[in-house]
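Heads up: the structure comes next, in structure tokens.
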Amino acid sequence: MFDLNQFLIISILMFVIFLAVGGVVWNTNQRLYKGLNRISWIVMIGQLATVFALIILARTSDDFLFMFYISRIMLYGAAASLGFIIPGSILRTKLNKAYSDKGYLKDWYDKTRVYLIKNNWTEKMIDSITKSKVVHLHKIKEPKQSIIYSIGSNRGETEKEIYLLLKEKYNVKMICTDAYYEDVTNKTKTFEDFIYLEGNRPGEDIEDILSEILVRNVDVIIDKKACLWYSKKVNLEDVFRKYHRSLSLNGVIIIDAEEISFLRTQLNNLFYQLANRIVGSAERSTYSKIKNTISKSSFINEHYSCHFVGHGVYRTAIFRKVK
Ligand SMILES: C[S@@+](CC[C@H](N)C(=O)[O-])C[C@H]1O[C@@H](n2cnc3c(N)ncnc32)[C@H](O)[C@@H]1O
């Protein structure tokens, strides 16, 4: 009655066909792929859960055959979903492509900016940071200038806003960088003390970059959903070490630490991938992503003090260099 060979052949066939379909959809329309990919995860988990439920039910049911056929169809579906998910999981790590014109994150920056502007994000965030006294910036009349270094600036529009707000009261210079500078379009142009450094400049290379531009230390490093967000657990402490060597004493790293549930971000992400609109953060904050690794790192805990400033969408985590 049960032909194991036939079952395996059909499962493998489904898997291979959807692997190919996934590869083609990914290469032609990464954004659409991402949405379908999420649905595939949900479908696969649902199918496997149904199979288990059916196995349990089959013990009590008379219609064992019917349940058996349904389980088989469910397992074919799960094999297909798994095949579809694989190409994206492999190819999505190519960030230069992801943020380029063909990438699934192509619109992320602009759509997120609309959301941030609607919420007055930069203004409220800067207001709470300057009031908090955790960050020290030189006043406008002081001869010394505070240097702010932004990692993963993308178009650099938020950085321009930050610079324009701060320069009303403080003597600041803003340096923008991005690891995939060459692929980012419509970057903000350099003006006054707002500088966008040319060339691909990963956060991990901060020390070399600073020595190239003859800057010894910076006072503020902004890493908003950029280098730290993308760092693998094993590299994270290393990046904190590099930032530590690049900061002046009492200098700070500012990262986003929005208070939002994981489920909410996933739903926002699904909506973004399918409808191309950001209705709320579509991924977790940098802080939420790295907090477990941070808590285990004696280097980070000994060399930085951590402070939270602001609430909800405006919350940031500030790591202050203490020794
Ligand atoms: C999600 S976007 C965030 C852009 C901007 N910081 C913001 O919050 O609006 C991530 C940016 O980080 C850049 N990026 C990714 N890995 C990086 C790294 N290791 N160093 C510097 N930039 C990186 C990407 O090119 C991209 O522009």
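The values are calculated or read from the model by the stated rules, or taken from the named source; none is laboratory data. What you are looking at is a predicted structure, and each value in this text was computed from that prediction instead of being measured. Every residue, glycine as well, gets a Cβ built from its backbone with ideal geometry; the counts of neighbours run over all protein chains shown. Areas reflect the complete protein model, heavy atoms only, side chains present, ligands, DNA and RNA absent. Shrake-Rupley method; radii C 1.70, N 1.55, O 1.52, S 1.80 Å.
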> GLU142: within 14 Å of the ligand (Cβ to nearest atom) and acidic (Asp, Glu), yes or no?
Replying inline: no
>> Test of understanding: among ASP193, ASP256, ASP205, ASP238, which residue is in contact with an Asp or Glu (Cβ under 8 Å, 6 or more places away or on another chain) and charged (D, E, K, R)?
In response: ASP238
> What number of residues in region 214-248 are touching a strand residue (DSSP E or B) at 6+ places or on another chain (Cβ under 9 Å), of a type in the set (Ser, Thr, Tyr) and not in a helix (DSSP H, G or I)?
Replying inline: 1
> Hey, does region 304-322 have a residue that's exposed (fewer than 14 other Cβ atoms within 10 Å of the Cβ) and assigned to a helix (DSSP H, G or I)?
Replying inline: yes
> Which of (1) open to solvent by 20 Å² or more (accessible area, probe 1.4 Å); (2) under 25 Å from the mean Cα position of the chain (by Cα) is the odd one out, the single condition PHE84 does not satisfy?
Replying inline: (1)
>> Quick check on region 225-237. Is at least one of its residues over 17 Å from the mean Cα position of the chain (by Cα) and either in contact (Cβ under 8 Å) with a residue 40 or more places away in the chain or closer than 15 Å to ARG320 by Cα (or both)?
In response: yes
> So which residues in region 205-245 are open to solvent by 20 Å² or more (accessible area, probe 1.4 Å) and of a type in the set (Val, Ile, Thr), if there are any at all?
Replying inline: ILE213, VAL215, ILE222, VAL234
> Take the residues of region 178-204 that are open to solvent by 70 Å² or more (accessible area, probe 1.4 Å) and part of a loop (DSSP other than H, G, I, E, B): which is farthest from the ligand (Cβ to nearest atom)?
Replying inline: GLU192
>> What's the total number of residues in region 148-177 that are buried (at least 18 other Cβ atoms within 10 Å of the Cβ), free of Cβ contacts under 8 Å to residues at least 40 places away in the same chain and part of a helix (DSSP H, G or I)?
In response: 3
>> I'd like the full set of residues that are surrounded by fewer than 16 Cβ atoms within 10 Å (Cβ to Cβ), of a type in the set (A, V, I, L, M) and over 28 Å from HIS307 (Cα atoms), limited to region 257-294.
In response: LEU267, LEU274, ALA275
> Taking region 110-139 as the search range and keeping residues that are among the basic types (Lys, Arg), more than 16 Å from the ligand (Cβ to nearest atom) and not in a strand (DSSP E or B), which one is least open to solvent (accessible area, probe 1.4 Å)?
Replying inline: LYS131
